[in-house]
Amino acid sequence: MEKVNNGCISRPCRKRKLPEEGNDMMNFSLDELTEDLLERVLSWLPTSTFFRLSSVCKRWKSVAASESFKLACSRIPSRDPWFFMVDPILNQSVVFDSAERSWKKLNHPPLLLHNCNCDFIPVAASAGLVCFRNMSGDYIVCNPVTGSCRELPPVDPDSQDRSLHAIAMNSYSNYHGSYKLVLVSGDLPKLSFKVYNSSADCWEEEITLRRKADDCAEFDSNDDDAVYFLSKAGNVVVTNMQRSPSKQYSSVITLKDGEEIVYFLSSSGTVVACNLTHKYISEYPRLLPVFSEYSIDVVACKGEMLVIVLSEFFESASLRVWRCDEKTKTWNQIAAMPPAMSHEFYGKKVDINCVGAGDQIFICLSSAELCSYVLCDFVTNEWVELPKCSMKGEALEFMSAFSLEPRIEASV
């Protein structure tokens, strides 16, 4: 009811008061959580926050270093991928965080900073681990988030004498450090593979791959059969693929329907499949004629192999994603960069290096004239050009990248 005080009308306050029992929730603090609950809460934070946990308070610093916190992190179903950029000159690592859509700089693991290890470059990645190799054929596996490293036992000298075609990595358990490294070597079509098993900390016996029974086509992959031809622009082009050192042994590994298969590109640009489960090799049909000038790469997304091709037709460039029908052995286009974007690459001799993660493909496009990074969602056919990565005011240029799922708990 309205009251009149000194000639003024006053109305009762309409603001609601919080119930007394609700005040406790407003004063809630993370300090009141038990150690177990705090670890569970913090484990759901993005992996990039791991570097800041230790600076919040002593308790959080203790949590970040505990084994039980790593166990809690291992129960998180999945993490948004990081794309680990390759640059052998830098003394630190650079990643693109797909969750925050930003570049991050990480300290190199101490083992890789030693003078004797300065020529190590990344050659494979899986889950939360990255594998490095040097010119001598030595391998180091590390977790780029925590900096933990492990030198692998030396490979049998007899195996190192053969031509190395592919290096692939597959992880089975981050927390228990269960992974394997696969080396495919030999002269096509006579290949063999050797596996490093982290659980046993040793290299297994080398296994010879046979030719697939129903694959009657001749392999057109021979390192010595380079063919030269003139492009439309009048340039001399060689049919043998020229790859940067970081992508020299580039390959992908898939596990589907119980079959583990390593895919890599032969020197002539065809996709070669090595079925590790049934121990045979096969070759996919060529996407473009041998006398075509194009750039090609192979990726793995959700357990299947995809191929990305940058080619030039009708005075324009096109960048397309292809999937092979395993029954008919025919290639089907599943995504294509908008012509307005791809036309920029026409006539610039652009090389592509790609890596897959889930529904996304991270593409590095580089030439003497440009350097660009594009993230493609091949399900929605969405193509986004990423911002440049800068250090001390200068844009860094990377030719390739590897995909990893940043995992604090990933053990080497």
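The values are calculated or read from the model by the stated rules, or taken from the named source; none is laboratory data. Just so it is clear, the structure is predicted and the values come from calculations on it, not from any experiment. Note that we place each Cβ from the backbone using ideal geometry, even for glycine, and neighbour counts take in every protein chain shown. To get the accessible areas, we keep the full protein, side chains included, count just its heavy atoms, and leave off ligands, DNA and RNA. Shrake-Rupley method; radii C 1.70, N 1.55, O 1.52, S 1.80 Å.
Per-structure values
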| item | result |
| --- | --- |
| The range 57-70, subset under 29 Å from the mean Cα position of the chain (by Cα) and open to solvent by 60 Å² or more (accessible area, probe 1.4 Å), residue nearest to Pro46 (Cα to Cα) | Ala65 |
| Output for the range 386-395, where each listed residue is touching a strand residue (DSSP E or B) at 6+ places or on another chain (Cβ under 9 Å) and either within 22 Å of Thr47 (Cβ to Cβ) or part of a loop (DSSP other than H, G, I, E, B) (or both) | Leu386, Pro387, Lys388, Cys389, Met391 |
| Matching residues, the range 95-115, being in contact with a helix residue (DSSP H, G or I) (Cβ under 9 Å, 6 or more places away or on another chain) and not aliphatic (A, V, I, L, M) | Asp97, Glu100, Ser102, Lys104, Asn107 |
| Count of residues meeting criterion [of a type outside the set (Lys, Arg), open to solvent by less than 30 Å² (accessible area, probe 1.4 Å) and at pLDDT below 90] in the range 241-266 | 4 |
| Flag for Ser390 being open to solvent by 20 Å² or more (accessible area, probe 1.4 Å), touching a Gly at 6+ places or on another chain (Cβ under 6 Å) and at negative phi | no |
| Where Gly22 falls short, out of the listed (1) modelled with pLDDT under 85; (2) in a helix (DSSP H, G or I); (3) open to solvent by 40 Å² or more (accessible area, probe 1.4 Å) | (3) |
| Failed item, numbered, when Ser403 is tested on (1) touching a strand residue (DSSP E or B) at 6+ places or on another chain (Cβ under 9 Å); (2) among the polar types (S, T, N, Q); (3) farther than 29 Å from Arg75 by Cα; (4) open to solvent by less than 40 Å² (accessible area, probe 1.4 Å) | (3) |
| Spans of strands (runs of 3 or more DSSP E) in the range 292-340 with at least 2 residues modelled with pLDDT of 90 or more and buried (at least 20 other Cβ atoms within 10 Å of the Cβ) | 294-301, 304-313, 316-325 |
| Residue count for the range 257-275, restricted to those that are among the β-branched types (Val, Ile, Thr) and within 14 Å of Leu288 (Cα to Cα) | 2 |
| Those residues of the range 357-385 which are over 18 Å from the mean Cα position of the chain (by Cα), closer than 21 Å to Glu304 by Cβ and in a strand (DSSP E or B), in sequence order | Glu382 |
| Index of the failed condition, Asp187 passing every other in (1) in contact with an Asp or Glu (Cβ under 8 Å, 6 or more places away or on another chain); (2) open to solvent by 30 Å² or more (accessible area, probe 1.4 Å); (3) more than 15 Å from Glu283 (Cα to Cα) | (3) |
| The range 42-65 residues that are farther than 12 Å from Arg79 by Cβ, paired with ones that are open to solvent by 70 Å² or more (accessible area, probe 1.4 Å) (beta carbon under 6 Å, 6 or more apart) | Ser54/Lys61 |
| Among the residues listed as Ile76, Ile89, the single one being part of a loop (DSSP other than H, G, I, E, B), in contact with a helix residue (DSSP H, G or I) (Cβ under 8 Å, 6 or more places away or on another chain) and modelled with pLDDT under 90 | Ile76 |
| Residue in the range 76-92 that is under 17 Å from Pro406 (Cβ atoms) and in contact with a His (Cβ under 6 Å, 6 or more places away or on another chain) present | yes |
| The range 156-207 - residue that is of a type in the set (Asp, Glu) and at pLDDT 90 or above and, of those, nearest to Phe264 (Cα to Cα) | Glu206 |
